[in-house]
Amino acid sequence: TFYLHIHPSLGGIEILGRFIKYKWLPLEAFLNFQKLKEMLKKILQASGYKYGINFY
């Protein structure tokens, strides 16, 4: 079995991925691949001012 090494910088990417998938993407984004790409592009372009993650 092959395991990837744990790298501390991946934590932020994993958290961003979870926020996108479970909080910011609407359900209709999963209807087809083109819609998913469009919604991901909009979210990533708006990250930082419309979409943000607060670490309290």
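Derivation of every value follows stated rules applied to the coordinates shown; laboratory data play no part. Computed from a prediction, not measured in an experiment: that's the story for all the values here. Cβ placement follows ideal geometry from the backbone for every residue including glycine, while neighbour counts extend to all protein chains displayed.
The table below lists the values:
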{"quantity": "Using θ = phi - 60° and Karplus 6.51 cos²θ - 1.76 cosθ + 1.60, couplings along region 31-42 (whole Hz; Gly, Pro as x)", "calculated": "5, 8, 5, 4, 5, 4, 4, 4, 5, 4, 4, 4"}
{"quantity": "Label-point separation in nm, Lys37 to Lys23, each point 7 Å along Cα→Cβ", "calculated": "2.8 nm"}
{"quantity": "Full-stretch length increase - Phe30, Lys50 - with 0.36 nm per residue and alpha-carbon distance subtracted", "calculated": "5.1 nm"}
